[in-house]
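Novice: Sharing a structure with you now.
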Amino acid sequence: MTKDKSILINNIYHMLSYAFQTLKQETYDDVAVESFDEMYNLLAAILAKGIGLQLKQGLYREYISHQEELTVMRGKINMPGTIKNKLLHKQVLTCDFDELSENNTLNQILKTTVMLLLRNGKVKAKYKDDLKKKMLYFSNVDSIEPTEIKWSSIRFQRNNQTYRMLVSICQLMIEGMLITTDAGNYRLASFVDEQRMCRLYEKFILEYYSRHYPELSVSASQIPWALDDGVGTMLPVMQTDIHLQRGNTVLIIDAKYYNHTTQVHFDKHTLHSNNLYQIFTYVKNRSYQFGEEDNTVSGMLLYAKTEEEIQPDNVYQMHGSQISVKTLDLNLPFVEIAAQMDRIVESHFTGVIKAD
């Protein structure tokens, strides 16, 4: 276990805490100060703490539809089933009824994720013991097939809002860390994959600026196309990762989390062309929205720093707009990560004050 890896894993906790404000509560303080040597242990600690807090409030329950053959009526009689029973000389009724139960999708996701962690050899015994104790309260909850979870269909409302962060952590693990063995069993990969880390990286940057720079308008807004005739059929949506604005000054940040920050062709390193085309398009179309008003719209590709020797650090003046390419070093103590992000704001917005 290297020091750099330990710092990175603990910084992922900070990224998660911005992405999910729940982790900033005092109840998670013991997780925040602990040093983790594996991603598994970090996520296991968060889940154990979060599930423990949920148990104090009570597991979320919802009405589940059941159909059973009973000797007495419950709910509504299912006529086709009951008639079939009569023809078979069964003295039972087929009944349809709803039952308030904790055996619902949200609790099933929690239990399934914990079961995966318990089977993983890299999770420390203390976290496993803690999770096992929590699972005693899930005896009436079923495990489910991880690949069959329909994440997009999950809806949160007032009664289950406390599950939002826990389920997001589970999704990060199951989608990003789950791989299947030849025997059809599941195991956790060594680290979250590039795509899932990119989502977390984007949300972290957005929430950091939203939290610490109230003077700025911080969003992940869409940019309309500057069309001469108004016809935009089949044009893709221009969805920004981070859009910072004060008055007529705008900075659009495209957050990129890649294993390789540059592309190589015949030993020559260049920026990812699609990334550069995209940010330039965002900037010019956003600037067009101001019409005849003076404006300053800049763009930035903000890559997570890798171990490669060549790291982009460039500023270009393109058609009257500044396009910069920077790297954010996540292998530093978090206070230094924050300082890097603060300098980005200071270089584009004069006199802006950071809030604690």
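The values are calculated or read from the model by the stated rules, or taken from the named source; none is laboratory data. Just so you know, these numbers come straight off a predicted model, no measurement behind them. We place every Cβ from the backbone using ideal geometry, glycine too, and count neighbours over all the protein chains shown. Side chains included, ligands, DNA and RNA excluded: accessible areas come from the protein's heavy atoms. Shrake-Rupley method; radii C 1.70, N 1.55, O 1.52, S 1.80 Å.
Novice: Over region 265-356, what relative contact order in percent results from Cα pairs under 8 Å that are six or more residues apart?
Specialist: With pairs under 8 Å counted, the relative contact order is 21 percent.
Novice: Here's another thing I want to ask about it. Which order do the peptides 74-82, 161-169 take when ranked by the mean count of other beta-carbon atoms within 10 Å per residue, highest first?
Specialist: For the peptides 74-82, 161-169, the packing ranking is 161-169, 74-82.
Novice: Can you tell me the order of 238-250, 106-118 when each peptide is scored by its average per-residue count of other Cβ atoms within 10 angstrom, highest first?
Specialist: On the way: 238-250: 18.5, 106-118: 21.3.
Ranked from most to least packed, the peptides come out as 106-118, 238-250.
Novice: At 1.4 Å probe radius, can you tell me the per residue accessible area of the chain in Å²?
Specialist: With the other protein chains kept in place, the chain gives 54 Å² per residue.
Novice: With N residues in the chain, what two-decimal value do you get for its Cα radius of gyration over 2.2 N^0.38 Å?
Specialist: 1.25
Novice: Listed highest first by mean packing, meaning other Cβ atoms within 10 Å per residue, what order do 61-71, 32-42 come in?
Specialist: Highest-to-lowest ranking by the protection proxy: 32-42, 61-71.
Novice: Among 203/326; 56/203; 49/326, which pairs are too far apart, with a Cα-Cα distance over 26 Å?
Specialist: The pairs that break the limit, which is 26 Å between Cα atoms, are 56/203; 49/326.
Novice: Plugging the Kirkwood radius over Cα pairs into Stokes-Einstein for region 205-248, at a temperature of 10 °C and a viscosity of 1.306 mPa s, what D comes out in µm²/s?
Specialist: Numbers: Rh = 12.2 Å.
Once the numbers are plugged in, D ends up at 130 µm²/s.
Novice: Counting only C-alpha contacts under 8 Å and six or more residues apart, can you give the relative contact order of region 195-348 as a whole percent?
Specialist: 18
Novice: What translational D, rounded to a whole number of µm²/s, comes out for region 195-348 from Stokes-Einstein when the hydrodynamic radius is the Kirkwood one over Cα pairs, at 4 °C and 1.567 mPa s?
Specialist: Here the translational diffusion coefficient equals 79 µm²/s.
Novice: Hey, another quick one. What is the percent carbon and sulfur in the accessible area of region 314-356, measuring with a 1.4 Å probe over the protein chains and ignoring ligands?
Specialist: 54
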